[in-house]
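The values are calculated or read from the model by the stated rules, or taken from the named source; none is laboratory data. All values reported here derive from a predicted model rather than from experimental measurement. Note: ideal-geometry Cβ built from the backbone for every residue, glycine included; neighbour counts use all protein chains shown.
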């Protein structure tokens, strides 16, 4: 929901970044206010996944220019963990498996880290169980997944749902969903989208990075941005996504 | 406890001098009524020990493992044994277990608790049972004192050990607690264990080597030399846990020999956390058809620790199965060694064997050598093995940091998770929990 009065969560200006010495982002500008849903679309290699990783602080990517302010704080002066504690969340395109760490332990430890950050009491495993049994309803997940190692042996859809479960537990101010729709069948897509929608409020925001328009039928964006060659080349409303679906990306590339 | 005063201080010496010093030891042998066989075996072992000396670093079984820190010390035999009280060892106790406690290799009846031993289960001091025909029939027949100088030293010098004979089912786990105390000067400690599992018997055994931090003056320098022999008759099942958590400046050389009969099941979980230099050799032989083995190991080391695990699995009969997972985690400038040999002998058709060696380096100065070896003299077998040496997965590390974990905490969580897979195989929850906590504590904690 667009409300020009609501506060700016993220302000990215002329962001440039490289990986292994190759410049990928060539001057990205983006402003995200509380309550907004953004979609960043683009072809493979356009820089959209790089953009999400740079914001989250992936160590393989080097920022070479520009700024990103998160609630007035310089994002690039913060470690990835400090960004997370400040309320930034990245749902991974390829969620990692962590054998030997149970899903519930991961969620509890992560949750308690944020509780400490917010000056609140940590929850013990029993108290946390009450919380998590509520949260798993958001992604229609069976409680048996909590005792299993993080993502180990999960299907693609289960992994993506698990990312959204983490989002539900951590309650970030800004969630970046990096190709969360890739590899999902229609049922899983619906569950993931319902989960994200249920977490949206006027105080938080979502940036979806996606290749396809399909996800946007379920999570309706306020803004659609098209990224190409490391820049945002066009911004529009949700109808821009439909136009891309109908016409492809070439016409924009030619125009840019 | 009462520390024993020794007049001699340890001095820096050569490898040869160190060995000579060990040979100066004298076993008390006061309680021996073997009718002569043990005296003969001891004399034979001593002769072999003298002929062999310490293993050469050129020897294939020892080429990765630097024993030179051991040779710097003159280890004295223990002539008077320390007395401990139950509170001294309380933190090591396993609730509900049959407990056999040895202090520096000497049986401590007052610390032991044998009342859980049921019908058909004998858990006792070896010295007390040395006249038993069963002991004479098995003792020293499996551990190769003629080929291994450490086994030879042990066979000559051991004072006492555990005698575990199971016919039927041991309803409580057997906890063999080998406590080393700190002494005024470096001492040599010989630990011994003989296990005979009769046909269709079942038991779980925890061999637990612990150092007692009693604030002595020699920084806990001692040399533990442990030998265990296990015989499983047909259909017998043994869950065997071995924990080495010796003092950080000590030396631990262990040898375990296992003979497995038809359709027997041997499950071994070995955890090495302590000692400056440690070596554990596990030598198992499937004598009978259809024997099954699960061998899991974990070495977690840091600083200047060296931990060496050598295993040999002999498939000597048809349709045997072995599944092995060994993990090593090395931090600081620690050095981990794993050598796992699997031999499928002629006639052992239908053997199914799987071995995995997975290793984690936590620092740029740490080192891990892993050497899987397969020797197959049969066509009709399935043998798989694999080895990996890696660092903390950078994707997993970034993922955890993106969820708010500090980098150190994320590393610790991932390291702990790597170790947890082996710890989880320990069938005693209280022991597994304690080891898990010890590992977490070593890493500075994650929860």
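Structure summary
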read-out: Among the candidates A:68, A:62, residue that is at pLDDT 95 or above, more than 9 Å from chain B (Cβ to nearest Cβ) and more than 19 Å from the chain's Cα centre (by Cα); value: A:62
read-out: Any hit, the stretch A:79-89, residues being away from every other protein chain (no Cβ under 14 Å) and touching a strand residue (DSSP E or B) at 6+ places or on another chain (Cβ under 8 Å); value: no
read-out: Given (1) modelled with pLDDT of 90 or more; (2) surrounded by fewer than 15 Cβ atoms within 10 Å (Cβ to Cβ); (3) within 23 Å of the chain's Cα centre (by Cα), index of the condition residue B:98 fails; value: (2)
read-out: Residue identified as in contact with a helix residue (DSSP H, G or I) (Cβ under 8 Å, 6 or more places away or on another chain) and either surrounded by 20 or more Cβ atoms within 10 Å (Cβ to Cβ) or away from chain B (no Cβ under 14 Å) (or both) among A:75, A:9; value: A:75
read-out: Strands (runs of 3 or more DSSP E) within the stretch B:121-191 that include 3 or more residues touching a strand residue (DSSP E or B) at 6+ places or on another chain (Cβ under 6 Å) and within 15 Å of residue B:105 (Cβ to Cβ); value: B:174-180
read-out: Residues of the stretch B:284-300 satisfying the condition of being under 24 Å from residue B:60 (Cβ atoms) and free of Cβ contacts under 8 Å to residues at least 40 places away in the same chain; value: B:284, B:285, B:293, B:295, B:299
read-out: Qualifying residue in the stretch B:216-224 (condition: part of a strand (DSSP E or B) and under 14 Å from the mean Cα position of the chain (by Cα)); value: yes
read-out: Hits in the stretch B:416-434 - residues which are more than 14 Å from chain A (Cβ to nearest Cβ), crowded, with 16+ Cβ neighbours inside 10 Å and in a helix (DSSP H, G or I); value: B:431, B:434
read-out: So residue A:60, is it farther than 17 Å from residue B:402 by Cβ and surrounded by fewer than 17 Cβ atoms within 10 Å (Cβ to Cβ); value: no
read-out: Test: residue in the stretch B:401-410 that is more than 8 Å from chain A (Cβ to nearest Cβ), outside any loop (DSSP other than H, G, I, E, B) and surrounded by fewer than 17 Cβ atoms within 10 Å (Cβ to Cβ); value: yes
read-out: Selected residue (only one of B:370, B:388 is crowded, with 19+ Cβ neighbours inside 10 Å and either within 14 Å of another protein chain (Cβ to nearest Cβ) or outside any helix (DSSP H, G or I) (or both)); value: B:370
read-out: Identity of the residue in the stretch A:166-182, over 13 Å from residue A:208 (Cα atoms) and part of a loop (DSSP other than H, G, I, E, B), that ends up nearest to the other protein chains (Cβ to nearest Cβ); value: A:172
read-out: Of all residues making up the stretch A:99-123, the number that are more than 12 Å from residue A:166 (Cβ to Cβ) and facing chain B (nearest Cβ under 8 Å); value: 6
read-out: Residue among B:235, B:305, B:244 that alone is farther than 24 Å from residue B:385 by Cα and surrounded by fewer than 20 Cβ atoms within 10 Å (Cβ to Cβ); value: B:235
read-out: Any chance residue B:358 is in contact with a helix residue (DSSP H, G or I) (Cβ under 6 Å, 6 or more places away or on another chain), within 11 Å of chain A (Cβ to nearest Cβ) and at pLDDT 95 or above; value: no
read-out: Hey, residue B:329 in contact (Cβ under 8 Å) with a residue 24 or more places away in the chain, in contact with a helix residue (DSSP H, G or I) (Cβ under 9 Å, 6 or more places away or on another chain) and on the phi < 0 side of the Ramachandran plot or not; value: yes
read-out: Some residue of the stretch B:436-445 being more than 7 Å from chain A (Cβ to nearest Cβ), outside any helix (DSSP H, G or I) and over 24 Å from the mean Cα position of the chain (by Cα); value: yes
read-out: The stretch A:179-198, subset surrounded by fewer than 16 Cβ atoms within 10 Å (Cβ to Cβ) and in contact with a helix residue (DSSP H, G or I) (Cβ under 6 Å, 6 or more places away or on another chain), residue nearest to residue A:157 (Cα to Cα); value: A:183
read-out: Residues being free of Cβ contacts under 8 Å to residues at least 40 places away in the same chain, surrounded by 16 or more Cβ atoms within 10 Å (Cβ to Cβ) and in a helix (DSSP H, G or I) - total across the stretch B:34-64; value: 0
